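Rule-based calculations on the coordinates, nothing more; no lab input. If you're wondering where the values come from, they're calculated on a predicted model, not measured in any experiment. With ideal geometry, Cβ positions are generated from the backbone for all residues, glycine too; neighbour counts draw on all protein chains shown.
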Amino acid sequence: VEQAVGTAIGAVLPARRDADPLIRRSDRPGVDVQSNVALSLAGAAGRPPAQLAGQLADQLTAAPGAGPAAGTGPATALPAAVSVAGPGFLNVTFTDAALWGQVAARLADDRLGVDTPQAGVRTVVDYSSVNVAKQLHVGHLRSTVIGDALVRVLGFLGAEVIRENHLGDWGTQFGMLIQYLVEHPEARWQHDRLAAGTTAVAALDELYRAARAAFDADPAFAGRARKRVVALQSGDPDTLAAWREIVAESQHAFQQVYDRLGVLLTEADAAGESRYNDALPGVVDELVRQGIAVPSAGALCVFDPAFTGRDGAPVPLIVRKSDGGFGYAATDLATVRDRVGRERADRMLYVVDARQALHFRQVFAAARRAGWLPGTVDVEHVAFGAVLGADGRPYRTRDGGTALLSDLLDAAVTSARRVVRDKNPTMPDADADRIAELCGIAAVKYADLATSRQQDYRFDPDRMVAFTGNTGVYLLYAHTRVAAILRRAEPATGDGDAPPDPAVPVAPAERALILALDGFGAVVTEVGESLEPHRLCGYLYELARAFTAFYESCPVLGAAEPVRSNRLALCRLTRRTLAQGLTLLGLPAPDRL
Ligand code: ARG
């Protein structure tokens, strides 16, 4: 429609042939899409909008054979009724045959009509980025889940995605951890000795707490830990070996969580802070040489008048601390330089907590000044809000501590198990456990993705495992319902792939479902640009509702042919679109629950 209206504008008003045709889906009864372009161009055209709309409508409905290339019809002719309404709205209502034709085209396409607008765009996605030897907390859940959905969507749109888990795997805390292990060899984790119910992440966290306690309580130990930092930085082989072991053990533990969450990250995606160590002196020297970093109270800092604090003074970006150590900012400047220079990124995404917004703005600005970030590279801090408890306050454990990711997952699985048990008291335990795990994890991921990521979201396990409303469980369940219809129908039909018959009239609920199905490509493309997975969630929810409305008013299995076959074609396309959408969000699309 956009192309056809564009061509019609070119024919009627050649000077404005590039004007946006202003096409939108219409919510007027009996109208599929509408264009308001005549209202916006009437001034330029020097004629009333209704008259201009009438001329455009004539172009769009010119009979085949009347156009310049006789026999083929004008390029602008739409398989639709086009009318002018009100002061100059152009209303388009597709013919029933055109709607069935669109269903057939989508069914014949593996990609369901989704284009590859990101083809060849090398995109580095920095996400998850958890810290070694520490527990994963709820903020890491958001980065991991949002990052995973973006990686999947961008990849589907054709981007060359490079996943990078920017592990916090370097820093002075390792002196304390290594020294503690040297002095307490019994604290070393042993997989076979982990108490039942203890995860590897928890065991490492235990080590962290013990080392921290010793560091705070015993000045002599703190001194030895500091020496250990120096040994690590100067590459002492035993110290490095111990560091490597802690990192490997942590990665192994994180992988258990990633596998449970069903995200694509593997240990091969690790691109931790330590990777940039050797580059840091060069990064800082270059900033000093260019006059971008300057000495300030013993440290080296970048000042930029664009970033001022409340007192009006510039906020420093510290690239080297007064003790000579390099910090987080130096490492992130190195990531920018490396991702553009070595990895040839066209696009770089940092999926990190919104509270780090100033940090990233400062880092990107400094990298631009240094010439490491050309204007051709798109860089974005994909910021997200906090996870709140059901009471609207930051989500915490019962004793007020920082909530761990595993607590959150366990809470959702427990709620899901209760729902499963209520619905099916006689189900064997093993099945109930499996379904509760699947639904609980999907519910958490969906709840995280379904709210606009900039917003804080409320973690309410009972609400998120509900079978109704915009929940992950509702969508999984919708998919199983379509799958069940097809299961019952297909053996009898035999020709499960037959295209729909274009001569069958389209019922109103079918029409709404067809138009919803047709919107899939546009919404996925949109998510690739806005990096907002909640738009895909909202779309799938509306699609599932359109399917429910269709199913309630249009019997499928009991209908006579050829209506039955056409409705089954709609079921097949709905099922594939739901499944593809769920997959892009990193969610399963089970046939049964
Ligand atoms: N490890 C950091 C944290 O837990 C997040 C790192 C984000 N990525 C980056 N390139 N700075 O807060």
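To the nearest 20 debye, what is the magnitude of the charge dipole of segment 283-357 about its Cα centre, counting +1 on the Cβ of each Lys and Arg and -1 on the Cβ of each Asp and Glu?
Roughly 100 debye, rounded to the nearest 20.
Compute the projected area of the convex hull of the Cα atoms of segment 534-593, averaged over all viewing directions, and report it in nm² to one decimal place.
4.5
Taking the C-alpha atoms of segment 245-290, how large are the radius of gyration and the largest Cα-Cα span, Dmax, in Å?
Final numbers for Rg and Dmax: 15.8, 48 Å.
Work out the length of the dipole vector of the chain about its Cα centre, built from +1 on the beta-carbon of each Lys and Arg and -1 on the beta-carbon of each Asp and Glu, and round it to the nearest 20 debye.
Taking the Cα centre of the chain as origin, the dipole is about 760 debye.
Over the Cα atoms, compute the radius of gyration (one decimal) and Dmax (the largest Cα-Cα distance, rounded to a whole number) for segment 472-584, in Å.
Cα only, segment 472-584: 14.3, 44 Å (Rg, Dmax).
For helix 405-423, what angle does its Cα long axis make with the longest principal axis of the chain, in degrees from 0 to 90 and rounded to 10?
Taking Cα atoms only, the helix is inclined about 50 degrees.
For every other residue with a beta carbon closer than 10 angstrom to the beta carbon of Gly139, add +1 if it is Lys or Arg and -1 if Asp or Glu, then tell me the sum.
Around Gly139, the surrounding residues sum to +1.
Using the eigenvalues of the Cα gyration tensor, what equivalent ellipsoid semi-axes result for the chain when each is taken as the square root of five times the eigenvalue, whole Å, largest first?
Semi-axis lengths for the chain are 53, 34, 19 Å.
First obtain the Kirkwood hydrodynamic radius of segment 368-414 from its Cα pairs, then insert it into the Stokes-Einstein equation at 4 °C and 1.567 mPa s, and state the resulting D in µm² per second as a whole number. Don't skip to the end; give the middle numbers.
Values: Rh = 14.1 Å.
For these conditions, the coefficient is 92 µm²/s.
May I ask what percent, to the nearest 5, of DSSP beta bridges between residues of the chain are antiparallel? Don't jump to the answer; show the numbers that get you there.
Details: 24 of 44 bridges.
Within the chain, antiparallel bridges account for around 55 percent of the total.
If you stretched the chain out fully between Ala119 and Asp278, how much longer would it get, using 0.36 nm times the residue separation minus the C-alpha to C-alpha distance?
Taking Ala119 through Asp278 to full extension adds about 53.9 nm, to one decimal.
Just the ratio, please: alpha-carbon radius of gyration of segment 84-227 over 2.2 N^0.38 Å, N its number of residues.
Normalised Cα radius of gyration, segment 84-227: 1.87.
In µm²/s, what is D for segment 117-178 at 20 °C and 1.002 mPa s, where D = kT/(6 pi eta Rh) by Stokes-Einstein and Rh is the Kirkwood radius from Cα pairs?
165
What Kirkwood radius, in Å to one decimal, follows from the Cα pairs of segment 233-350?
16.9
Rounded to the nearest 10 degrees, what's the angle between the helix 508-518 long axis and the longest principal axis of the chain, both from Cα atoms, 0 to 90?
50
Once a ≥ b ≥ c are taken as the square roots of the eigenvalues of the Cα gyration tensor of segment 289-389, is the result rounded (a/c under 1.5), prolate (a/b larger than b/c) or oblate (a/b not larger than b/c)? The partial results should precede the final answer.
On the way: a/c = 1.67, a/b = 1.12, b/c = 1.49.
It is oblate, given that a/c is not under 1.5 and a/b is not larger than b/c.
May I have the extent of the alpha carbons of segment 267-307 along their three principal axes, as whole Å values ordered from largest to smallest?
So the extents along the principal axes, rounded to whole Å, are 40, 22, 19.
If you fit an axis through the alpha-carbon atoms of helix 563-584 and take the longest principal axis of the Cα set of the chain, what angle between them do you get, 0 to 90°, nearest 10?
Once rounded, the angle reads 20 degrees.
Around Arg228, with a cut-off of 11 angstrom between Cβ atoms, what is the net charge of the other residues, counting Lys and Arg +1 and Asp and Glu -1?
Summing Lys/Arg as +1 and Asp/Glu as -1 gives 0.
Using the crude model of +1 on Lys and Arg Cβ and -1 on Asp and Glu Cβ, and no other charge, please compute the dipole size for segment 472-584 relative to its Cα centre, in debye to 20.
Working: 11 positive and 12 negative charges, 76 e Å.
Computed about the Cα centre, the dipole is about 360 debye.
Where Rh is the Kirkwood radius over the Cα pairs of segment 170-267, the temperature 20 °C and the viscosity 1.002 mPa s, what D in µm²/s does Stokes-Einstein return? Display every interim value, and only then the final one.
On the way: Rh = 14.3 Å.
Using the Kirkwood radius from Cα pairs, D works out to 150 µm²/s.
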